[in-house]
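Report on the structure given below.
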Amino acid sequence: MTQIAVIDYGMGNLHSVSKALEAVSQKESIVITSDQEVIKTSDKLVFPGVGAIKDCMEAFSNDLKETVLEEVKKKPTLAICVGMQMLLESSEENGGVEGLGLLNGKVCKIQSNKDIKVPHMGWNQVNYLKEHFLLKNIKDSSYFYFVHSYCCPSSKDALTETIHGEKFVSSFAKDNIFAVQFHPEKSQSAGLQLYKNFLDWSV
């Protein structure tokens, strides 16, 4: 049986993510875990995150971080929201935080004005820059649910983009890593399809 490890490092909406995965799972075992041996023996990884990036990075113990970094480099991995931002090079949030550097790009504050509210909260369109298996059976410019105040304006690893005042990268793809700024578990049918695609994905 294929095992999917939802990584528990003390931050993230783990249960809503695992419930959404279970809803589309047919033969996979979905496990919420911080156990390094379980992470090592799992077939795929899900790396969620919510809140401030500094809190997330500080909650990520060195031993667990080392294991996750090692495994993310070789297994199909889905990173979500702040989990996605943590995989980038750096973030200007909390006075500047160094990221894990697995994806190209830097995280910046979304600029607000009278028409653009921050945080960016609610439904917005995700526009394709190229094709990818994780987007299978999801129409270009479909709506997904966002909650964030920081974003990555551009990246050579960009897969989709979204506009909230200015364009930003709403998902990334690099080798075995797929990472999204939006919340698939809050995005109804499109989000469930994306989770199904992840379960079906072989790298």
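Hey, what does the equivalent ellipsoid look like for the stretch 112-187, semi-axes from the Cα gyration tensor as sqrt of 5 times each eigenvalue, largest first, whole Å?
Numbers: eigenvalues 86, 37, 23 Å².
Each semi-axis is √(5λ); the values are 21, 14, 11 Å.
What order do you get for 8, 140, 115 when you list them from fewest to most C-beta neighbours inside 10 Å? Before the final figure, lay out the partial values.
On the way: 8 18, 140 12, 115 6.
Ranked by crowding around the Cβ, least crowded first: 115, 140, 8.
Long-range amide H contacts for residue 107: which residues qualify at under 5 Å (H placed 1.01 Å from N, peptide plane, sequence gap of 5 or more or a different chain)?
90, 91, 92
Round to a whole angstrom and tell me the spacing of the C-alpha centers of the stretch 64-105 and the stretch 14-60.
Here the two parts' Cα centres lie 14 Å apart.
Sequence gap at least 6, Cα distance under 8 Å: using those rules, report the relative contact order of the chain to the nearest whole percent. The partial results should precede the final answer.
Details: 455 pairs, mean separation 40.4, N = 203.
Normalised by residue count, the contact order of the chain is 20 percent.
Taking all pairs of different Cα atoms in the stretch 3-200, averaging 1/r and flipping that mean, what Kirkwood radius in angstroms comes out?
Details: mean 1/r = 0.0603 Å⁻¹.
After inverting the pairwise mean of 1/r, the radius is 16.6 Å.
If you rank 14, 78 by fewest surrounding Cβ atoms within 10 Å, what's the result?
In increasing order of surrounding Cβ atoms, one gets 14, 78.
Enumerate the amide H contacts of residue 3 below 5 Å, restricted to partners 5 or more residues apart or on another chain; note that Pro and chain-start residues carry no placed amide H.
Excluding prolines and chain starts, which carry no amide H, the hits are 29, 43, 44.
As a footprinting exposure proxy, order 201, 123 by other Cβ within 10 Å, with the fewest listed first.
In order of increasing Cβ crowding within 10 Å: 123, 201.
Values quoted throughout were computed directly from the atomic coordinates according to the rules given, and no laboratory measurement underlies them. Bear in mind the structure is a predicted one, so any value in this text is a computation, not a measurement. All Cβ positions, glycine included, derive from the backbone under ideal geometry; neighbour counts span all protein chains shown.
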